[in-house]
Every structure is written in C-alpha cells, then in structure tokens.
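Since every read-out is calculated from the coordinates, none of them should be taken as a lab result. Model, not experiment: these values are computed from the prediction. Cβ: placed from backbone, ideal geometry, glycine included. Neighbour counts: every protein chain shown.
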Amino acid sequence: MTTLTSPSIPQPNKRTFFILAAALVFWLVAYNLIQPLANWIAYEALGLAADSHLGESLAFFLYDVPKILLLLSGMVFLISIVRTFFSPERTRALLGGKREGVGNIFAAMLGIVTPFCSCSAVPLFIGFVEAGIPLGVTFSFLIAAPTINEVAVILLFGLFGWKVAGLYVASGLTVAIIAGFIIGRLKMEKHVADFVWKVHRKVDVEEEKLTWADRVERAWGSVKEIVGKVWLYVVIGIAVGAGIHGYVPEDALASILGANVWWSVPAAVLLGIPLYSNAAGIVPIVGTLIEKGASVGTALAFMMSVIGLSLPEAVILKRVLKTPLLVVFFAVIAVAIIFTGYLFNLVL
Amino acid sequence: MLTIKVLGSGCANCKKLEAIAHQVVEQMGIQAEVIKVTEYPDIMAYNIMSTPGLVVNEKVVSSGRIPSSAEVTTWIANALETV
C-alpha cells in the first residue's frame, strides 16, 4: 500500500505556531512588566520606604515570585519540546556502541536531555544493561538524569544568573562522569540482581511519530504538571529568602560554611543525604546560604547531595542492585560530590 | 475479549493510567480485562524503558507518560477493528 503525503504544512501545525507566537508575546510583555509593578506595589501603593528592611524584602518577593514562575513555565516548555526528540529508547540506541570513557561522557550529557522520572529508574537500568551498555556508562546516565534536573537549573539561573547555573550543570556532569567511570572500573556486574540478566524482550516498541501539535501538547502538559507541583515550594522558598535577604547580616555563615573551613564540604554532603527535597524547595535555600557567606562549592555540594543522593531512589534501585553495589553507588557519588565541592571552592 | 495491561511498579502515574483505562472501558461499554503488571521482569518483557506503559492486546501503545482518555479510546477502537 502506498500513501501520498501532502508537502504543505498541515492545518493543525499552522494553528499551533500561531498559538505559540501569541503565547510568546504575552510572556515577554508580562516578564517586562513585573519589575515596575513590584516596585509600584511596595513603594507607591503600600507607601513603604525604599531603604527599609520591609520595603526591600517585599519588593524583592513581589518581583522574584512572578519572575521565577514565568521563567519556570517558559523554560520547562522549551526543554519539554527538546525532550520530545529524545526518548529513552533513542538514548539507548545512541549509547549502544560507545566504550567506557567516551560512553560515560555521552551518557551524562544525554542524562540532561532525556525525559526521566525516578519511578522509571529501574526499567531504564534494565533496558540499558540488557542492550549491552556497560554498567559504568549506565550509572553515569542514572546519576546525571536526576541530579541535573531542569527545575534546579532554571531556578539557579533565575535567582543567581547563568554562572551559578552553568557551574551546577558542570559539576553535575563531572560527578556523573567520574562516578560512573569508577563504578565501571570496579567490575561489579555480579552485584546486579540476577533477574536483570535474564530479561528478554518479547515485543519491539514502535517509535512514535509526533507532529508539532503533539509535541506542543505534551510540552504544555509537562508545564502544567511541573509548575503545578512546585509553585508552592517556590513561593515559600522565595519568601524565606526575601526575609533573610532583608534581615540577616551578610557573612553570618562564613565561619561555618565558608571556603576556608575544610570540613564544611563533607559535612554539607552528609547533611544532604537524609534530606530529600525537590529542586524547587532547595534552590532558594542554597541561594540564601551563598548570599550569607557560604562558599559556592559547599552550597552546590549540599544541593547535589539533597537532589542526587536520595533515600527513596535507593529503595527503588534496591530492586535491581544487590547491597554491595548500592553502597558503592552511593559512596562513589558522595565522594565525587565532595571532590567537586572542594574543586569549586578552590578555583572560585 | 480485549486485554489491557497497565505496566508499572505502583507509582502515582501508574494508578492514574489504570483509572483512565477502567474509565474508557466503561464508557465504550466493551468487554475488556484491565490487568496491572507490577513485577519488573514482566514489565521488561515489553521492552519499555519508562513507566507507566499501556498494552492493548499485547501491543505496547504508550510508555513514559499518561495518555489522554481520547488517545486510549482510539487505541482500543483500533484493537477492536483488527480482532
């Protein structure tokens, strides 16, 4: 059977682009209006003095909350569009022929763009291993995917600029590549649950063919899901940050979390393990730590530990990893995070 | 009779998908069995890499997301045609 395809853009796609253009205009207008609006509410409507603690904190809060929520919606949308081009299946195919080393680097980078949810960690792990991807390369992916989380990166960018966001991505990649490589060298294949090696695929999954309208619809779905899930954390986090911004003196934390306190990095990582929070809750707190004198390396190490080393994920992975490998997995990541924290404290 | 399988270890999204499957079956007024597949070896037999997955008559129709009930209706209708 042959089908003829029309060369012109189908109607739904045209409409999709029109809606997108309208949304972009609205977004830009809103983004440029919030600063004058926040100042007007704080200083004119409420009549607070521009140099008062309360006025400063309130203007900061009124500007940051809509700014971050707009940034979050816009960027999550863009990232989700990009992600419709990267399915876990395609990532697996891309990693197929890669050796260790190069494979670790590729896996860590693909971990950023491949859609990932920690509830899918096990099927993903099995799917990679079954396809013959080396264990260490698989782990590089499994470390990068949750740690370099889009919400974390967007919030860092929105609150502290592209340098801190870039540093976070760089340190997440470094940790994922190094930790994955080390785990690969340790030859721990026998500590993977036995059933993993016996899985055989029964059916092949056909790759979906998506139109632009499908991609936009899915991206919009993830905007609603993610922003709906994190907006409250963002508001609370920024409120706490705004309060501290106006009231707590600078350098209050320098003596315990500063770069010249040698034990601050491992302490921050250890403290981060039992704490399990989503990125939305932790970023404003990390920002406050940095502002009040904690060094950037220590603060980012703390953040990676909270997001990347989570006990719920350990429980999920316990299904496919025997205890020695699980312990090694956690220990290697912890050490790699500590190492990265020191590195940033040293070079910044 | 149609067999619909929901693949997933019991995460929140898997439960949502199961609810959608039940709801669509009821709306269409058809005879169908909705089965939850929660054991990883069984899930992985379908070669999916992200959950939840949806299988209609042994064919994987979606994975890694919650499809809309309209999509599920279409898949079931297609499966009924080919039977």
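The modelled label-to-label distance for the pair A:Lys187/B:Ala12, using points 7 Å beyond Cα in the direction of Cβ, is 4.4 nm.
Computed from the mean reciprocal separation of all distinct C-alpha pairs, what Kirkwood hydrodynamic radius does the range B:2-82 have, in Å? Walk me through the numbers on the way to the answer.
On the way: mean 1/r = 0.0812 Å⁻¹.
In the range B:2-82 this quantity evaluates to 12.3 Å.
Rounded to the nearest 10 degrees, what's the angle between the helix B:69-82 long axis and the longest principal axis of chain B, both from Cα atoms, 0 to 90? Approximately 70 degrees, to the nearest ten.
What the Cβ-Cβ distance of A:Val261 and A:Lys318 gives, at R0 = 41 Å and to the nearest 0.05, is a FRET efficiency of 0.75. For the range B:2-82, a crude dipole built from +1 on the beta carbon of Lys and Arg and -1 on the beta carbon of Asp and Glu, taken about the Cα centre, is about 220 debye to the nearest 20. For the range A:262-328 versus the range A:17-65, the inter-centroid distance based on Cα atoms is 33 Å. Dipole orientation for the protein assembly as shown: of the candidates A:Gly341, B:Val37, A:Val164, B:Val37 has the Cα lying most toward the positive pole (charges on Cβ; Lys, Arg +1; Asp, Glu -1). Computed over the alpha-carbon pairs of chain A, the distance histogram in 10 Å steps reads 5, 22, 28, 24, 14, 6, 1, 0 percent, short to long. Note: the range A:18-85, Cα convex hull, 76 Å³ per residue.
Do the alpha carbons of any pairs in A:Lys190/A:Lys229; A:Lys224/A:Lys292; B:Lys15/B:Lys59; A:Lys198/B:Lys59 sit beyond 27 Å of each other, and which pairs? Walk me through the intermediate numbers first.
Details: A:Lys190/A:Lys229 39 Å; A:Lys224/A:Lys292 34 Å; B:Lys15/B:Lys59 20 Å; A:Lys198/B:Lys59 22 Å.
Where the Cα-Cα span goes over 27 Å, the pairs concerned are A:Lys190/A:Lys229; A:Lys224/A:Lys292.
What's the angle, to the nearest 10 degrees (0 to 90), between helix B:12-28's Cα axis and the longest principal axis of chain B? Computed tilt is about 10 degrees. Cβ-Cβ distance of B:Lys36 and B:Asn78, R₀ of 22 Å, FRET efficiency by 1/(1 + (r/R0)^6): the value works out to about 0.50.
Here's how it looks for B:Ile35: its modeled amide H is under 5 Å from those of B:Ile4, B:Lys5, B:Val6, which are all 5 or more places away or on a different chain.
Counting only whole DSSP H helices of chain A, the ones at least 30 Å long by C-alpha along their axis and with mean Kyte-Doolittle hydropathy no lower than 0.0 are A:11-39, A:53-83, A:162-185, A:212-247, A:323-347.
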